[in-house]
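Please read the structure below before turning to the comments.
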């Protein structure tokens with residue numbers, strides 16, 4: 001680390017001394033040395049920034065710049081043969097086209113460079129391990145869902161997250177909907193996308209690729225995944241099935257959530273809160289914290305109570321996992337059991353109580369005894 005700092009400081013010093021000695025652009029000694037220091041610092045900052053860029057982006061940027069310069073040269077040849085009144089105008093146009101084409105080629109080449117598969121070239125690039133499979137296309141539904149941001153924040157997602165432009169348009173339409181529910185969902189999706197873009201360890205790219213002949217967004221996602229040979233991240237069950245039929249690999253957030261649910265085995269004791277009555281006779285229904293449904297036999301009378309149950313079986317379905325259990329009040333414990341309200345026997349007491357004695361006259365009102 002210190003060797004690099006010394007090397008950079010030596011480079012800036014040499015550049016400033018060279019500028020002081022040669023005095024470029026007619027500058028005096030001190031201004032020339034200051035310009036040399038400024039130029040050296042600019043080169044060091046550029047070197048620090050370019051070290052963070054991947055090899056594929058560098059190759060893309062270099063190829064784009066070369067193509068831009070070649071294009072600018074050809075356009076300049078055409079302009080030099082055209083009839084232009086002033087030579088200064090011709091020189092300005094040629095310089096403008098050169099800068100414009102070089103800049104556009106640099107930016108476009110750097111953005112598209114991540115799509116290169118350097119491992120296919122072999123040789124020096126054979127060690128490049130990142131392939132197109134590291135690209136993951138985000139679906140509209142998974143952005144609105146929001147859990148993708150939590151997963152990305154934990155660091156379990158690698159590679160490049162790609163958000164197609166047509167997905168952004170769909171999010172914009174949902175956010176501008178007249179329906180308040182849809183509008184809130186769309187705005188939440190935009191907030192989630194902005195949160196993902198701010199994560200420093202993630203590379204999020206907005207892809208301009210579109211398929212005008214395809215109308216549905218789901219089919220566009222499938223075509224895009226087939227074009228770049230990458231994965232689709234979604235929680236849409238229908239999109240998952242259609243993508244698999246087209247040979248596109250899918251990362252389903254719901255399947256990930258189901259795989260992270262706690263594993264229970266038949267015979268285990270678990271504690272649940274009976275929320276409502278089940279469909280079958282004398283059944284109660286409970287839900288775990290992750291949303292797993294628990295169907296409990298003999299628990300109809302235990303609604304709104306927390307009880308221990310014995311797991312009898314576990315059923316895995318396409319919609320998720322269901323747990324079946326049995327409650328036996330002779331074996332299992334009941335928590336938070338509210339006492340039965342006391343019976344109101346006031347009316348019975350009133351009916352069974354003897355009639356009150358007749359009111360006697362006060363002593364002063366009694367006749368004198370003879």
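All of the numbers you see were taken from the coordinates with simple rules; none came from a lab. Everything quoted here is computed from the prediction, not taken from an experiment. As a convention, Cβ positions derive from the backbone with ideal geometry for all residues, glycine included, and neighbour counts pool all protein chains shown.
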Within the P(r) computed for the stretch 269-335, what percentage of the Cα pairs occupies the region above 19 Å? 21 percent
Can you work out D for the stretch 2-115 in µm² s⁻¹ from Stokes-Einstein, where Rh is the Kirkwood radius over C-alpha pairs, the temperature is 37 °C and the viscosity is 0.692 mPa s? 194 µm²/s
Hey, any idea what the orientation-averaged projected area of the convex hull of the stretch 9-75's Cα atoms comes to, in nm²? 6.4 nm²
Cα convex hull of the stretch 172-324: mean projected area in nm², to one decimal? 13.4 nm²
Sort 224-230, 143-149 by packing, meaning the average of other beta carbons within 10 Å per residue, with the highest value first. 143-149, 224-230
Please report, in whole Å³, the volume per residue of the convex hull around the C-alpha atoms of the stretch 132-259. 108 Å³
What is the distance in Å between the Cα centres of the stretch 33-68 and the stretch 258-336? 62 Å
